[in-house]
1. Kindly identify the stretch 289-341 as rounded, prolate or oblate by the Cα gyration tensor criterion: order the square roots of the eigenvalues as a ≥ b ≥ c, call it rounded if a/c is under 1.5, otherwise compare a/b with b/c, prolate if a/b is larger, else oblate.
2. When only the heavy atoms of the protein chains count and the probe is 1.4 Å, how do I124, I237 rank by accessible area, highest first?
3. Out of the DSSP beta bridges found with both residues in the stretch 282-414, what percent are antiparallel (nearest 5)?
4. Using label points projected 7 Å from each Cα along Cα→Cβ, tell me how many nm separate K44 and T131, to one decimal.
5. Taking 7 Å along the Cα-to-C-beta vector as the label spot, tell me the V254-R84 distance in nanometres, rounded to one decimal.
6. Under the rule of at least 5 residues apart or a separate chain, name every residue whose amide H is placed under 5 Å from the amide H of G144.
7. How high is the relative contact order of the stretch 331-434, in percent, counting Cα pairs under 8 Å that sit 6 or more residues apart?
8. As a test of reading the structure, rank I460, I389 by solvent-accessible area (1.4 Å probe, protein chains only), most first.
Amino acid sequence: MAEDNTSFSEFMDLDLDTRTCNGVRQEKQLSASQRRCYSLCRRKSFAGFVASTRNSSQEEGDSSWCCCGQTFREHSAIHKHVARTHDPEIQRLTQDAYQCLLNQLEEEAETQQLNECEAEPVDISAWIPDTRHISEEQLQKGPGKVLLYYRYCQIEDPHVICAWQRALCEKLHLTGKVRVATEGINGTVGGTNMATDAYIDATRSHPLFKMEKDDFKTSDGGAECFKDLRVGVYKEIVPMGMDPDVVSYQLAGVHLEPEEFHKEVEALLAKADESNDTILLDCRNFYESKIGQFTQCLAPSIRKFSYFPDYVDQNLDLFRDKRVLMYCTGGIRCERGSAYLRSKDVCKEVYQLKGGIHRYLEQFPEGYYRGKLFVFDERYAISSNKDIISECRYCGSPWDRYQLCSTRFCCQLVLSCPGCRQDGRTACCPACQTKGQNQSQTSGPHHKEECECTEGRPRIPQDA
């Protein structure tokens, strides 16, 4: 997009609705340079769609296109057909391409930040542990685990912490992702038991964080659970899309230990269908709660945590004069999610599960949380009970093991059982399956949560 001289900051200045370019109304809100980029994405998406209908079996010099059971021999004819008949698909492809561009620009900005960090050498040796007593084999081979942790605290220079964390992870041969911001640190990394133990000790030893060993949640795994190592400086340590100075973790709800939360849920369920003043709120994404959740919870069908504030705003009456029990995977989303809910001043009380589902399952593996716990790595899920609460997308049989959609324009997570996958049903929906069979597969970035089969689900559900 260099020819349009459009900077990353111009894109990121958009509000959430505008950035997704979800329809003509949002497109009109864009600046001139942003409209040019969006239009370019639309032209490329249109051209790509037309190209996908080209008859690959045609003889040299004989051009024809096949679409909707019709054959078109004039270039103008296929263009008119696609414009009149397939505008919704073009719209979705354009949104994907535009969002992909935003993600690419964001990654470039993060890389630039990291380069700037590396360009100003800082002595971080005091925070790097001496591992001479540990062999390279112990750091790279053998049983391992995945760590999940976060710490909200004031960090004056996140780039220094970023450089230290990168050097630490590389020395210990860890993979995963660590987000650093002025509001704190959030990480999930995998490696051998020896390497992850050394990582915990090193991170705890830093004077900024004041962490206990119990602040690190663990599960079976290792470095193979992540494709690579990514350490960067961000605006937020969990992407809610709200300025941390406006909605601070310091305004979070009351933290309940797993035992206390268990008793609250038990009391809620004891009331059965009686009218009550308590809501059990899952603040994760729809694909997470789909395979595992607390019994009788409210699980909003939102695609990203950054949609959570809009969900609260559009469903305020649902929370009015209610006690809210919130939970998420490890607790971090509840910190600012509960703070945002409290800022609306409509709830009686707001509580959150300390340590999240992860800690709850350690104490209550057969408690009120049923199904799998979704995790953001190559495992996709971990389990503590045998319940399967979801089903195969195609045949409806019980199934809860995600895999990526196989279609070019959609890489959403899909639940397809072994039998259906063996029959070739590997896409997230029949429409994508058909399109995937007709289009050549090319490499490139995808959006795991987006696909045309989600069109019927509103961006912000109305549950009030």
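1. Judged from the Cα gyration tensor, the stretch 289-341 comes out rounded (a/c under 1.5).
2. Result of the area sort, largest leading: I124, I237.
3. Close to 60 percent.
4. 3.9 nm
5. With each label point 7 Å from Cα toward Cβ, the separation is 6.5 nm.
6. Close amide H contacts, sequence-distant or interchain: N193, G221.
7. Across the stretch 331-434, relative contact order equals 15 percent.
8. From most exposed to least exposed: I389, I460.
The values are calculated or read from the model by the stated rules, or taken from the named source; none is laboratory data. Owing to the predicted nature of the structure, the values given are computational and were not obtained by experimental measurement. Don't worry about glycine lacking a Cβ; one is built from the backbone with ideal geometry, like all the others, and counts go over all protein chains shown. Please note that ligands, DNA and RNA were not included when accessible areas were found on the heavy atoms of the full protein model with its side chains. Shrake-Rupley method; radii C 1.70, N 1.55, O 1.52, S 1.80 Å.
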